[in-house]
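Read the structure below first, then the notes.
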Amino acid sequence: MEKKRFALLTSGGDSPGMNAAIRAAVRKCISMGIEIYGINHGYRGIFEKDLRPMSRYSVADIIQRGGTILYSDRCDRMMDSDGPAEAAQILSEYEIDSLIVIGGDGTYKGAEALAKCGVKVMGIPGTIDNDIACTDSTIGFDTAVNTALDAISRIRDTTNSHNRINIVQVMGRACGNIALYSGLAGGAEAICVPEIPYDPDEIAQRVITGKNKGKLHCIIVFAEGAGDINALCKALEEKTSIETRQTVLGYTQRGGSPTAFDRILASTMGAMSVTLLSQGEANKAICLKNNKYISTDITQAVKMQRVFDKSIYELAMVLSI
């Protein structure tokens, strides 16, 4: 029987748990007698022919590490009309049977393009934004939420000491899930997300109402894509006469050791991707739906529109009263 040869890459923004997925895919391949290559720097590594054979030991002691040992990047060449075909040709030269890609929406679009050029692909959702509609959770989201929550809790302590308003900005240019879940878990008085326009007057009134009931401080969680945090900060200070500060968490949410949930999610998805490819299934994306691991067509995964869970947002607002 001809020996199979797989490759894998991580693309787009890094997320905690990517290394756990790499480790699982590599070791599952080895257990099945499949050669496995790692591609450095995402899709760019294909064009630069930056591939390296992976072994059991090359993924030792990485399950707890954030980031990705294969590095990550965005690749404009994949967006050119002839880019995917060139990438497919290079993979063919290396006799790569199948390609596993770990990343977000842009990564999936690249995989879809490669599939149309004859490459057998399997997608694993790795992004802190949790903005891939076909899965209930993406690798790294749980860790990012917990990182934000830890910061919110620390900021609340000092905000309480000084009787201030503090607006905590979390990541999420087009998706407010990190803000939504960390805001709910952190007891935020208001949550600002790209999906729902906010009214500074309404937020100010919530703050004033809370103050009249004895609240001495206020935490507002603000997704980076929700609007102008500086304008909101200024408006609240003017409308409430309460000193208002802002804290931008930035890339701290992408780093750090992944939570147990993300390690298990990544390990299961990484191993499952190899199993499915070895069984002849291809051009799919691994998903967690209703606590079950399934796969869906990669094109369908790209087309699916994410729906913001407004019920959780409304719950957070009720509980913050």
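Here are some notes:
- Length released on extending from Lys239 to Asn291, taking residue separation times 0.36 nm less the Cα-Cα span: 14.2 nm
- C-alpha center-to-center spacing [region 174-197, region 227-281] in angstrom: 11 Å
- Highest mean packing comes first when the peptides 311-318, 70-77 are listed by Cβ atoms within 10 Å, giving 70-77, 311-318.
- With Cα atoms, 0 to 90° folded angle of helix 200-212 axis to the chain main axis: 60 degrees
- Per-pair calculated FRET efficiency, R0 = 56 Å: Gln89 and Lys310 via Cβ, rounded to 0.05: 0.75
- Label assignment, Rg and Dmax of the Cα atoms in Å derived from the structure, set (1) 21.8, 76; (2) 22.1, 66; (3) 18.7, 55: (1)
- Which of Phe6, Phe222 has the fewest Cβ neighbours within 10 Å, and the rest in rising order: Phe6, Phe222
- Kirkwood hydrodynamic radius (C-alpha pairs) into Stokes-Einstein, region 25-135, 4 °C and 1.567 mPa s, D in µm²/s: 88 µm²/s
- Helix 310-319 axis versus longest C-alpha principal axis of the chain: approximately 40°, rounded to the nearest ten.
- Net length available on complete extension from Lys3 to Asp157 is 49.6 nm, with 0.36 nm assigned per residue and the Cα-Cα distance removed.
- Helical runs (DSSP H, four residues minimum) scored at -39500 (n - 2.57) apiece and divided by the length of the chain put the mean residue ellipticity at 222 nm at -13000 deg cm²/dmol.
- Mean Cα-pair separation over length for region 143-254, i.e. relative contact order, pairs under 8 Å, 6 or more apart, %: 41 percent
- With neighbour counts taken as other beta-carbon atoms within 10 Å, the residues Tyr251, Tyr198, Tyr37 rank, fewest first, as Tyr251, Tyr198, Tyr37.
- Note on the chain: with a GNM built from Cα contacts shorter than 10 Å, the maximum mean-square fluctuation among Ala260, Ala113, Ala60 falls on Ala60.
- Tail beyond 22 Å, pair distance distribution of region 102-258 (Cα, percent): 45 percent
- For peptides 99-107, 284-292, sequence by mean Cβ density within 10 Å, most packed first: 99-107, 284-292
- By the count of other C-beta atoms within 10 Å, a proxy for reagent exposure, Ser278, Ser98 are ordered fewest to most as Ser278, Ser98.
- The long axis of helix 260-278 is offset from the longest Cα principal axis of the chain by roughly 30 degrees.
- Here r is the Cβ-Cβ distance between Cys117 and Thr275 and R0 is 25 Å; the resulting FRET efficiency, rounded to 0.05, is 0.55.
- Placing a pseudo-label 7 Å from each Cα along the Cα-to-Cβ vector at Gln246 and Gln300 gives an inter-label distance of 4.2 nm.
Each value in this text was obtained by applying a stated rule to the coordinates, not by laboratory testing. Source: prediction; values computed, not measured. Reconstructed Cβ throughout: ideal geometry from the backbone, glycine too, with neighbour counts over all protein chains shown.
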